[in-house]
Amino acid sequence: MTKLNQMAKRKVIGALDRIDRRSIAYTLIYSYVSNVFSQFYRKFEVHGLENIPKDAPVIFTPNHQNALMDALIVLFSSPGDTVFLARADLFRKKMLAKVLNTLKILPVFRIRDGVEELGKNQEIFDITVGVLHRKHQLCLMPEGNHGDHRRLRTLGKGVFRIAFSAQEKMKNEPYVKIVPVGLDFSDYIKHNQDLHIWYGKPIEVSEYWDTFEENGPRGINQLKKRLEDELKPVMIHIETEEYYDTYMGLRTIFNERMREILGIGGKRLHDKFIADKEMISRLDAVLEKDEQQLVPLKEKVEPYMQQLSVMNIRDWVVRQKGFGGMQALWRYITLLVTFPVFLYGLINNALMYFLPVRMVRKVKDLQFHSSIKAGAGMLLVTPISYLLQTLIVALLTDGWYIWLGYLVSLYPAGKVALWWYFRWKKTVRGAWFGRKFRKKKKEATEMVALRQEIVDTTEALVL
(Lines give C-alpha, C1' and ligand atoms only; values in the text may rest on other atoms or scores of the structure.)
Protein backbone atom coordinates (compact mmCIF):
# COMPACT_ATOMS: atom_id res chain seq x y z
CA MET A 1 0.00 0.00 0.00
CA THR A 2 1.45 3.36 -0.95
CA LYS A 3 1.97 6.24 1.44
CA LEU A 4 -0.47 8.31 -0.64
CA ASN A 5 -3.21 5.70 -0.23
CA GLN A 6 -2.61 5.50 3.53
CA MET A 7 -2.97 9.28 3.78
CA ALA A 8 -6.14 9.13 1.71
CA LYS A 9 -7.62 6.61 4.10
CA ARG A 10 -6.85 8.79 7.09
CA LYS A 11 -9.06 11.52 5.64
CA VAL A 12 -12.06 9.33 6.47
CA ILE A 13 -12.56 9.55 10.21
CA GLY A 14 -12.53 6.08 11.70
CA ALA A 15 -10.83 4.38 8.75
CA LEU A 16 -8.05 2.41 10.45
CA ASP A 17 -5.98 0.20 8.16
CA ARG A 18 -4.93 -2.48 10.69
CA ILE A 19 -8.10 -2.46 12.72
CA ASP A 20 -7.88 -6.22 13.25
CA ARG A 21 -4.82 -5.89 15.49
CA ARG A 22 -5.65 -6.67 19.12
CA SER A 23 -4.60 -3.88 21.46
CA ILE A 24 -4.20 -3.98 25.24
CA ALA A 25 -7.21 -1.67 25.56
CA TYR A 26 -9.33 -4.04 23.44
CA THR A 27 -8.28 -7.04 25.54
CA LEU A 28 -9.26 -5.30 28.79
CA ILE A 29 -12.55 -3.95 27.40
CA TYR A 30 -13.43 -7.30 25.82
CA SER A 31 -13.03 -9.18 29.11
CA TYR A 32 -15.25 -6.74 30.99
CA VAL A 33 -17.95 -6.28 28.35
CA SER A 34 -18.21 -10.02 27.63
CA ASN A 35 -18.90 -10.67 31.31
CA VAL A 36 -21.52 -7.91 31.39
CA PHE A 37 -23.16 -9.21 28.21
CA SER A 38 -23.48 -12.74 29.61
CA GLN A 39 -25.40 -11.30 32.56
CA PHE A 40 -27.84 -9.21 30.51
CA TYR A 41 -29.76 -12.24 29.19
CA ARG A 42 -31.48 -14.78 31.41
CA LYS A 43 -30.58 -17.60 29.07
CA PHE A 44 -28.83 -17.81 25.73
CA GLU A 45 -27.95 -20.80 23.62
CA VAL A 46 -25.46 -20.97 20.78
CA HIS A 47 -25.71 -23.62 18.08
CA GLY A 48 -23.61 -24.36 15.02
CA LEU A 49 -20.20 -23.15 16.23
CA GLU A 50 -18.75 -26.15 14.41
CA ASN A 51 -19.88 -24.49 11.16
CA ILE A 52 -17.45 -21.59 11.57
CA PRO A 53 -14.40 -22.24 9.35
CA LYS A 54 -10.98 -22.09 10.98
CA ASP A 55 -7.97 -20.34 9.47
CA ALA A 56 -10.03 -18.78 6.68
CA PRO A 57 -11.51 -15.36 5.86
CA VAL A 58 -15.04 -15.37 7.28
CA ILE A 59 -17.92 -12.92 6.91
CA PHE A 60 -20.69 -13.27 9.50
CA THR A 61 -24.09 -12.10 8.24
CA PRO A 62 -26.71 -12.05 11.02
CA ASN A 63 -30.32 -11.00 10.63
CA HIS A 64 -30.61 -7.51 12.08
CA GLN A 65 -33.40 -6.91 14.59
CA ASN A 66 -31.92 -5.44 17.75
CA ALA A 67 -29.59 -2.54 16.95
CA LEU A 68 -26.14 -2.69 18.59
CA MET A 69 -26.92 -5.85 20.54
CA ASP A 70 -26.75 -7.88 17.32
CA ALA A 71 -23.09 -6.99 16.87
CA LEU A 72 -22.28 -7.80 20.51
CA ILE A 73 -23.99 -11.17 20.15
CA VAL A 74 -21.73 -12.18 17.27
CA LEU A 75 -18.67 -10.76 19.01
CA PHE A 76 -19.15 -12.72 22.23
CA SER A 77 -20.66 -15.93 20.86
CA SER A 78 -18.11 -16.60 18.10
CA PRO A 79 -14.48 -17.64 18.54
CA GLY A 80 -11.76 -15.17 17.63
CA ASP A 81 -11.85 -11.41 17.10
CA THR A 82 -14.37 -9.84 14.75
CA VAL A 83 -14.30 -6.54 12.88
CA PHE A 84 -17.65 -4.76 12.43
CA LEU A 85 -19.11 -2.07 10.21
CA ALA A 86 -21.42 0.53 11.77
CA ARG A 87 -23.27 3.61 10.52
CA ALA A 88 -20.87 6.44 9.74
CA ASP A 89 -22.71 9.14 11.72
CA LEU A 90 -21.39 7.51 14.91
CA PHE A 91 -17.86 8.49 13.81
CA ARG A 92 -18.37 12.23 13.45
CA LYS A 93 -16.18 13.07 16.45
CA LYS A 94 -12.55 11.95 16.30
CA MET A 95 -12.43 10.86 19.94
CA LEU A 96 -15.50 8.66 19.57
CA ALA A 97 -14.11 7.32 16.29
CA LYS A 98 -10.94 6.24 18.12
CA VAL A 99 -13.00 4.46 20.76
CA LEU A 100 -15.01 2.66 18.09
CA ASN A 101 -11.81 1.70 16.25
CA THR A 102 -10.46 0.30 19.53
CA LEU A 103 -13.55 -1.91 19.59
CA LYS A 104 -12.77 -2.97 15.98
CA ILE A 105 -15.61 -1.03 14.39
CA LEU A 106 -15.37 0.73 11.01
CA PRO A 107 -17.76 3.33 9.54
CA VAL A 108 -19.95 2.61 6.54
CA PHE A 109 -21.77 5.38 4.69
CA ARG A 110 -25.41 5.20 3.62
CA ILE A 111 -27.42 7.18 1.08
CA ARG A 112 -28.96 9.20 3.94
CA ASP A 113 -25.44 10.44 4.79
CA GLY A 114 -25.34 12.14 1.40
CA VAL A 115 -24.56 10.90 -2.09
CA GLU A 116 -21.14 12.58 -1.98
CA GLU A 117 -20.24 10.51 1.10
CA LEU A 118 -20.86 7.15 -0.56
CA GLY A 119 -17.53 7.35 -2.37
CA LYS A 120 -15.77 7.01 0.97
CA ASN A 121 -17.10 3.46 1.28
CA GLN A 122 -14.48 2.30 -1.20
CA GLU A 123 -11.76 3.13 1.31
CA ILE A 124 -13.62 1.23 4.01
CA PHE A 125 -14.15 -1.73 1.69
CA ASP A 126 -10.41 -1.79 0.94
CA ILE A 127 -9.70 -2.04 4.67
CA THR A 128 -12.23 -4.85 5.13
CA VAL A 129 -10.69 -6.77 2.23
CA GLY A 130 -7.35 -6.49 4.02
CA VAL A 131 -8.97 -7.85 7.18
CA LEU A 132 -10.24 -10.86 5.25
CA HIS A 133 -6.91 -11.43 3.50
CA ARG A 134 -5.32 -11.68 6.94
CA LYS A 135 -7.90 -14.39 7.69
CA HIS A 136 -9.80 -12.46 10.31
CA GLN A 137 -13.55 -12.40 10.85
CA LEU A 138 -15.77 -9.65 9.54
CA CYS A 139 -19.40 -9.01 10.52
CA LEU A 140 -21.87 -7.11 8.35
CA MET A 141 -25.62 -6.75 8.74
CA PRO A 142 -26.80 -7.63 5.21
CA GLU A 143 -30.24 -6.09 5.77
CA GLY A 144 -28.58 -2.72 6.37
CA ASN A 145 -30.92 -1.40 9.06
CA HIS A 146 -32.76 -3.15 11.86
CA GLY A 147 -36.44 -4.04 11.94
CA ASP A 148 -38.85 -5.14 14.65
CA HIS A 149 -40.53 -8.01 12.79
CA ARG A 150 -39.35 -11.61 12.74
CA ARG A 151 -38.72 -11.82 9.05
CA LEU A 152 -35.78 -11.45 6.69
CA ARG A 153 -35.85 -8.15 4.87
CA THR A 154 -34.26 -7.22 1.54
CA LEU A 155 -30.49 -7.69 1.57
CA GLY A 156 -28.14 -4.94 0.44
CA LYS A 157 -25.22 -5.56 -1.91
CA GLY A 158 -22.35 -4.26 0.22
CA VAL A 159 -21.51 -7.59 1.83
CA PHE A 160 -21.31 -9.31 -1.56
CA ARG A 161 -19.09 -6.64 -3.09
CA ILE A 162 -16.66 -7.02 -0.21
CA ALA A 163 -16.82 -10.81 -0.47
CA PHE A 164 -16.01 -10.83 -4.19
CA SER A 165 -13.28 -8.20 -3.77
CA ALA A 166 -11.55 -10.41 -1.22
CA GLN A 167 -12.20 -13.55 -3.28
CA GLU A 168 -10.43 -12.03 -6.30
CA LYS A 169 -7.12 -13.07 -4.76
CA MET A 170 -8.00 -16.78 -5.20
CA LYS A 171 -10.49 -16.57 -8.11
CA ASN A 172 -12.54 -19.78 -8.15
CA GLU A 173 -10.49 -21.56 -5.49
CA PRO A 174 -12.13 -21.97 -2.03
CA TYR A 175 -11.27 -18.97 0.12
CA VAL A 176 -13.83 -16.46 1.49
CA LYS A 177 -16.74 -17.96 3.42
CA ILE A 178 -20.04 -16.28 4.30
CA VAL A 179 -21.64 -17.66 7.47
CA PRO A 180 -25.37 -16.92 7.98
CA VAL A 181 -26.26 -16.22 11.62
CA GLY A 182 -29.80 -16.46 12.94
CA LEU A 183 -30.72 -14.43 16.03
CA ASP A 184 -34.00 -14.80 17.90
CA PHE A 185 -34.96 -12.83 21.03
CA SER A 186 -37.81 -13.65 23.38
CA ASP A 187 -38.07 -9.87 23.81
CA TYR A 188 -36.05 -7.11 22.13
CA ILE A 189 -36.43 -4.53 24.86
CA LYS A 190 -36.49 -6.11 28.28
CA HIS A 191 -33.63 -7.21 30.49
CA ASN A 192 -33.37 -10.86 31.63
CA GLN A 193 -34.84 -12.37 28.45
CA ASP A 194 -33.86 -15.36 26.26
CA LEU A 195 -31.60 -15.35 23.22
CA HIS A 196 -31.17 -18.09 20.61
CA ILE A 197 -28.17 -17.97 18.25
CA TRP A 198 -27.61 -20.31 15.31
CA TYR A 199 -24.55 -20.27 13.05
CA GLY A 200 -25.48 -21.84 9.72
CA LYS A 201 -23.40 -23.72 7.16
CA PRO A 202 -20.74 -21.57 5.45
CA ILE A 203 -21.25 -20.47 1.86
CA GLU A 204 -18.23 -20.72 -0.46
CA VAL A 205 -17.96 -17.47 -2.40
CA SER A 206 -15.69 -19.25 -4.92
CA GLU A 207 -18.72 -21.19 -6.20
CA TYR A 208 -20.04 -17.94 -7.68
CA TRP A 209 -16.76 -16.48 -8.90
CA ASP A 210 -16.99 -17.59 -12.53
CA THR A 211 -20.50 -16.15 -12.84
CA PHE A 212 -19.39 -12.92 -11.14
CA GLU A 213 -16.37 -12.57 -13.44
CA GLU A 214 -18.58 -13.06 -16.47
CA ASN A 215 -21.42 -10.83 -15.24
CA GLY A 216 -20.93 -8.96 -11.95
CA PRO A 217 -24.58 -8.14 -11.14
CA ARG A 218 -25.67 -11.69 -11.93
CA GLY A 219 -22.98 -13.15 -9.66
CA ILE A 220 -23.96 -10.82 -6.83
CA ASN A 221 -27.66 -11.64 -7.24
CA GLN A 222 -27.01 -15.38 -7.22
CA LEU A 223 -24.90 -15.15 -4.06
CA LYS A 224 -27.50 -12.85 -2.50
CA LYS A 225 -30.26 -15.38 -3.24
CA ARG A 226 -28.14 -18.16 -1.72
CA LEU A 227 -27.61 -16.18 1.48
CA GLU A 228 -31.34 -15.44 1.73
CA ASP A 229 -32.07 -19.17 1.37
CA GLU A 230 -29.50 -20.05 4.05
CA LEU A 231 -30.55 -17.34 6.51
CA LYS A 232 -34.24 -18.16 6.64
CA PRO A 233 -33.80 -21.66 8.17
CA VAL A 234 -31.66 -20.37 11.08
CA MET A 235 -33.97 -17.51 12.08
CA ILE A 236 -37.69 -17.01 12.67
CA HIS A 237 -39.04 -15.88 9.30
CA ILE A 238 -42.75 -15.05 9.17
CA GLU A 239 -43.46 -13.86 5.67
CA THR A 240 -47.20 -13.26 5.93
CA GLU A 241 -48.22 -9.77 6.96
CA GLU A 242 -51.92 -10.54 7.38
CA TYR A 243 -51.35 -13.37 9.88
CA TYR A 244 -48.09 -12.15 11.44
CA ASP A 245 -49.64 -11.42 14.85
CA THR A 246 -51.47 -14.77 14.72
CA TYR A 247 -48.22 -16.67 14.13
CA MET A 248 -46.42 -14.72 16.85
CA GLY A 249 -49.22 -15.43 19.33
CA LEU A 250 -49.11 -19.13 18.50
CA ARG A 251 -45.37 -19.21 19.20
CA THR A 252 -46.37 -18.61 22.81
CA ILE A 253 -49.64 -20.55 22.95
CA PHE A 254 -48.90 -23.62 20.86
CA ASN A 255 -45.16 -24.25 21.28
CA GLU A 256 -45.53 -26.81 24.06
CA ARG A 257 -48.13 -28.81 22.13
CA MET A 258 -46.07 -28.57 18.92
CA ARG A 259 -43.09 -30.08 20.73
CA GLU A 260 -45.31 -32.93 21.88
CA ILE A 261 -46.51 -33.52 18.31
CA LEU A 262 -42.91 -33.60 17.05
CA GLY A 263 -41.74 -35.80 19.90
CA ILE A 264 -39.35 -33.16 21.22
CA GLY A 265 -38.99 -33.80 24.91
CA GLY A 266 -36.58 -31.02 25.82
CA LYS A 267 -37.23 -27.46 26.92
CA ARG A 268 -34.06 -25.90 25.53
CA LEU A 269 -34.37 -22.73 23.49
CA HIS A 270 -33.28 -24.74 20.45
CA ASP A 271 -36.09 -27.27 21.01
CA LYS A 272 -38.62 -24.44 21.18
CA PHE A 273 -37.08 -22.80 18.11
CA ILE A 274 -37.33 -26.01 16.03
CA ALA A 275 -40.97 -26.44 17.07
CA ASP A 276 -41.76 -22.84 16.09
CA LYS A 277 -40.09 -23.28 12.69
CA GLU A 278 -42.09 -26.42 11.98
CA MET A 279 -45.36 -24.83 13.11
CA ILE A 280 -44.75 -21.81 10.87
CA SER A 281 -43.90 -24.07 7.94
CA ARG A 282 -47.09 -26.08 8.34
CA LEU A 283 -49.24 -22.99 8.75
CA ASP A 284 -47.64 -21.50 5.64
CA ALA A 285 -48.67 -24.63 3.73
CA VAL A 286 -52.26 -24.19 4.94
CA LEU A 287 -52.15 -20.49 4.02
CA GLU A 288 -50.97 -21.27 0.51
CA LYS A 289 -53.57 -23.99 -0.02
CA ASP A 290 -56.63 -22.36 1.57
CA GLU A 291 -56.27 -19.06 3.42
CA GLN A 292 -59.84 -19.23 4.73
CA GLN A 293 -58.84 -22.01 7.13
CA LEU A 294 -56.67 -19.53 9.04
CA VAL A 295 -59.37 -16.89 9.44
CA PRO A 296 -61.10 -18.55 12.46
CA LEU A 297 -57.70 -19.02 14.09
CA LYS A 298 -56.81 -15.37 13.61
CA GLU A 299 -60.17 -14.37 15.11
CA LYS A 300 -59.32 -16.33 18.26
CA VAL A 301 -55.59 -15.73 18.70
CA GLU A 302 -55.45 -11.98 18.34
CA PRO A 303 -58.28 -11.19 20.82
CA TYR A 304 -56.75 -13.70 23.24
CA MET A 305 -53.34 -11.99 23.09
CA GLN A 306 -54.98 -8.58 23.49
CA GLN A 307 -56.88 -9.79 26.57
CA LEU A 308 -53.65 -11.10 28.09
CA SER A 309 -52.30 -7.56 27.81
CA VAL A 310 -55.46 -6.04 29.32
CA MET A 311 -55.35 -8.49 32.25
CA ASN A 312 -51.59 -7.97 32.62
CA ILE A 313 -50.81 -11.69 32.65
CA ARG A 314 -48.79 -14.12 30.55
CA ASP A 315 -50.03 -17.13 28.62
CA TRP A 316 -48.53 -19.56 31.16
CA VAL A 317 -50.92 -18.17 33.80
CA VAL A 318 -53.94 -19.16 31.71
CA ARG A 319 -52.35 -22.50 30.75
CA GLN A 320 -51.81 -23.38 34.44
CA LYS A 321 -55.15 -21.81 35.47
CA GLY A 322 -53.19 -19.62 37.85
CA PHE A 323 -51.80 -20.72 41.20
CA GLY A 324 -53.71 -22.86 43.64
CA GLY A 325 -54.26 -21.55 47.19
CA MET A 326 -51.41 -23.53 48.82
CA GLN A 327 -49.03 -22.88 45.93
CA ALA A 328 -49.68 -19.14 46.13
CA LEU A 329 -49.26 -19.21 49.93
CA TRP A 330 -45.88 -20.95 49.66
CA ARG A 331 -44.67 -18.43 47.11
CA TYR A 332 -45.76 -15.51 49.32
CA ILE A 333 -43.90 -17.06 52.27
CA THR A 334 -40.67 -17.35 50.27
CA LEU A 335 -41.07 -13.75 49.15
CA LEU A 336 -41.58 -12.59 52.72
CA VAL A 337 -38.53 -14.48 54.02
CA THR A 338 -36.27 -13.13 51.24
CA PHE A 339 -37.65 -9.58 51.35
CA PRO A 340 -34.74 -8.14 53.40
CA VAL A 341 -32.26 -9.40 50.81
CA PHE A 342 -34.43 -7.93 48.06
CA LEU A 343 -34.54 -4.57 49.82
CA TYR A 344 -30.78 -4.54 50.31
CA GLY A 345 -30.17 -5.48 46.68
CA LEU A 346 -32.72 -2.97 45.38
CA ILE A 347 -31.35 -0.02 47.36
CA ASN A 348 -27.75 -0.75 46.45
CA ASN A 349 -28.50 -1.38 42.76
CA ALA A 350 -31.15 1.29 42.25
CA LEU A 351 -29.07 3.32 39.80
CA MET A 352 -28.27 0.27 37.67
CA TYR A 353 -31.92 -0.74 37.39
CA PHE A 354 -33.77 2.58 37.24
CA LEU A 355 -31.49 5.08 35.51
CA PRO A 356 -31.22 3.19 32.17
CA VAL A 357 -35.01 2.77 32.13
CA ARG A 358 -35.43 6.52 32.43
CA MET A 359 -32.78 7.09 29.77
CA VAL A 360 -34.64 5.08 27.13
CA ARG A 361 -38.03 6.71 27.67
CA LYS A 362 -37.34 9.38 25.07
CA VAL A 363 -35.76 6.97 22.58
CA LYS A 364 -38.48 6.33 20.00
CA ASP A 365 -36.69 3.43 18.28
CA LEU A 366 -37.49 0.55 20.63
CA GLN A 367 -34.77 -1.62 19.08
CA PHE A 368 -32.15 0.61 20.72
CA HIS A 369 -33.57 0.18 24.22
CA SER A 370 -31.70 -2.99 25.15
CA SER A 371 -28.47 -1.58 23.71
CA ILE A 372 -28.78 1.53 25.89
CA LYS A 373 -29.79 -0.46 28.95
CA ALA A 374 -26.83 -2.79 28.60
CA GLY A 375 -24.38 -0.07 27.60
CA ALA A 376 -25.36 2.73 29.95
CA GLY A 377 -26.62 0.65 32.84
CA MET A 378 -24.26 -2.26 33.09
CA LEU A 379 -21.12 -0.85 31.48
CA LEU A 380 -21.10 2.68 32.94
CA VAL A 381 -23.62 3.19 35.73
CA THR A 382 -22.90 -0.05 37.60
CA PRO A 383 -19.11 0.24 38.05
CA ILE A 384 -19.27 3.96 38.86
CA SER A 385 -22.09 3.56 41.38
CA TYR A 386 -20.46 0.52 42.98
CA LEU A 387 -17.16 2.37 43.43
CA LEU A 388 -18.81 5.50 44.85
CA GLN A 389 -20.99 3.52 47.23
CA THR A 390 -18.03 1.45 48.41
CA LEU A 391 -16.01 4.62 48.95
CA ILE A 392 -18.78 6.04 51.15
CA VAL A 393 -18.96 2.81 53.18
CA ALA A 394 -15.16 2.83 53.58
CA LEU A 395 -15.24 6.40 54.89
CA LEU A 396 -18.03 5.66 57.36
CA THR A 397 -16.69 2.38 58.75
CA ASP A 398 -13.50 0.96 60.23
CA GLY A 399 -11.80 -2.10 58.79
CA TRP A 400 -11.05 -2.96 55.18
CA TYR A 401 -13.01 -6.22 55.45
CA ILE A 402 -16.25 -4.24 55.87
CA TRP A 403 -16.05 -2.27 52.64
CA LEU A 404 -14.61 -5.24 50.78
CA GLY A 405 -17.47 -7.45 51.95
CA TYR A 406 -19.92 -4.72 50.96
CA LEU A 407 -18.41 -4.43 47.48
CA VAL A 408 -18.46 -8.19 46.92
CA SER A 409 -22.11 -8.38 48.02
CA LEU A 410 -23.46 -5.74 45.63
CA TYR A 411 -23.82 -7.68 42.40
CA PRO A 412 -25.17 -10.96 43.90
CA ALA A 413 -27.65 -8.93 45.94
CA GLY A 414 -28.74 -7.17 42.76
CA LYS A 415 -29.39 -10.50 41.03
CA VAL A 416 -31.42 -11.70 44.02
CA ALA A 417 -33.43 -8.48 43.91
CA LEU A 418 -34.15 -9.07 40.23
CA TRP A 419 -35.18 -12.68 40.93
CA TRP A 420 -37.44 -11.49 43.79
CA TYR A 421 -39.09 -8.85 41.62
CA PHE A 422 -39.97 -11.31 38.83
CA ARG A 423 -41.16 -13.91 41.34
CA TRP A 424 -43.34 -11.31 43.04
CA LYS A 425 -44.95 -10.28 39.72
CA LYS A 426 -45.62 -13.90 38.78
CA THR A 427 -47.00 -14.71 42.21
CA VAL A 428 -49.38 -11.75 42.35
CA ARG A 429 -50.81 -12.28 38.87
CA GLY A 430 -50.86 -16.07 39.13
CA ALA A 431 -52.64 -15.96 42.49
CA TRP A 432 -55.12 -13.38 41.20
CA PHE A 433 -56.04 -15.46 38.15
CA GLY A 434 -56.17 -18.66 40.21
CA ARG A 435 -58.74 -17.10 42.57
CA LYS A 436 -60.80 -15.89 39.61
CA PHE A 437 -60.78 -19.33 38.01
CA ARG A 438 -61.61 -21.24 41.21
CA LYS A 439 -64.57 -18.89 41.77
CA LYS A 440 -65.62 -19.51 38.16
CA LYS A 441 -65.43 -15.86 37.24
CA LYS A 442 -66.41 -15.36 33.62
CA GLU A 443 -63.27 -13.46 32.58
CA ALA A 444 -61.03 -16.31 33.77
CA THR A 445 -63.08 -19.29 32.58
CA GLU A 446 -63.56 -17.73 29.14
CA MET A 447 -59.80 -17.19 28.77
CA VAL A 448 -59.06 -20.81 29.67
CA ALA A 449 -61.75 -22.05 27.26
CA LEU A 450 -60.55 -19.75 24.45
CA ARG A 451 -56.98 -20.92 24.88
CA GLN A 452 -58.06 -24.56 24.57
CA GLU A 453 -60.04 -23.71 21.43
CA ILE A 454 -56.93 -22.12 19.93
CA VAL A 455 -54.81 -25.19 20.73
CA ASP A 456 -57.42 -27.56 19.27
CA THR A 457 -57.92 -25.47 16.12
CA THR A 458 -54.19 -25.14 15.52
CA GLU A 459 -53.59 -28.83 16.12
CA ALA A 460 -56.21 -29.74 13.51
CA LEU A 461 -54.45 -27.50 10.98
CA VAL A 462 -50.85 -28.63 11.53
CA LEU A 463 -51.43 -32.39 11.80
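Assorted remarks:
- Of all residues in segment 276-300 being in contact (Cβ under 8 Å) with a residue 60 or more places away in the chain and over 27 Å from VAL234 (Cβ atoms), the one that is nearest to the chain's Cα centre (by Cα): LYS300
- Taken together, GLU173, GLU143 contain a single residue that is over 28 Å from ILE236 (Cβ atoms), out of contact with any strand residue (DSSP E or B) (no Cβ under 6 Å at 6 or more places or on another chain), outside any helix (DSSP H, G or I) and charged (D, E, K, R), which is GLU173.
- Counting the residues of segment 99-122 that are in a helix (DSSP H, G or I) and under 16 Å from ASP20 (Cβ atoms) gives 3.
- Selection from segment 435-463 of residues that are surrounded by 12 or more Cβ atoms within 10 Å (Cβ to Cβ) and either among the hydroxyl-bearing types (Ser, Thr, Tyr) or outside any helix (DSSP H, G or I) (or both): LYS441, THR445, THR457, THR458
- Segment 44-63, residues that are within 30 Å of ASP271 (Cα to Cα), surrounded by fewer than 21 Cβ atoms within 10 Å (Cβ to Cβ) and not aliphatic (A, V, I, L, M): PHE44, GLU45, HIS47, GLY48, GLU50, ASN51, PRO53, LYS54
- Hey, TYR188 in a loop (DSSP other than H, G, I, E, B) and at pLDDT 95 or above or not: no
- Filtered residue count, segment 112-147, keeping only those that are touching a helix residue (DSSP H, G or I) at 6+ places or on another chain (Cβ under 6 Å) and either modelled with pLDDT under 80 or not aliphatic (A, V, I, L, M) (or both): 7
- Listed conditions (1) farther than 14 Å from GLY158 by Cα; (2) crowded, with 21+ Cβ neighbours inside 10 Å are all met by MET141, apart from (1).
- Hits in segment 243-260 (condition: of a type outside the set (Ser, Thr, Tyr) and either out of contact with any Asp or Glu (no Cβ under 9 Å at 6 or more places or on another chain) or in a helix (DSSP H, G or I) (or both)): ASP245, MET248, GLY249, LEU250, ARG251, ILE253, ASN255, GLU256, ARG257, MET258, ARG259, GLU260
- Test set (1) farther than 30 Å from GLU453 by Cβ; (2) without any contact (Cβ under 8 Å) to a residue 12 or more places away in the chain; (3) out of contact with any helix residue (DSSP H, G or I) (no Cβ under 9 Å at 6 or more places or on another chain) - ASN221 fails condition number: (3)
- Condition check for ILE197: part of a strand (DSSP E or B), in the same structural domain as LEU138 (by TED's automatic domain parsing), farther than 22 Å from ASN121 by Cα and in contact with a His (Cβ under 9 Å, 6 or more places away or on another chain): yes
- Of the helices (runs of 4 or more DSSP H) that lie entirely inside segment 261-355, those containing 2 or more residues that are charged (D, E, K, R) and within 28 Å of THR445 (Cβ to Cβ) span 295-311, 315-319.
The values are calculated or read from the model by the stated rules, or taken from the named source; none is laboratory data. In this text, all values refer to a predicted model and were calculated from it rather than measured experimentally. Cβ sites come from the backbone with ideal geometry, for glycine too, and all protein chains shown count toward neighbours.
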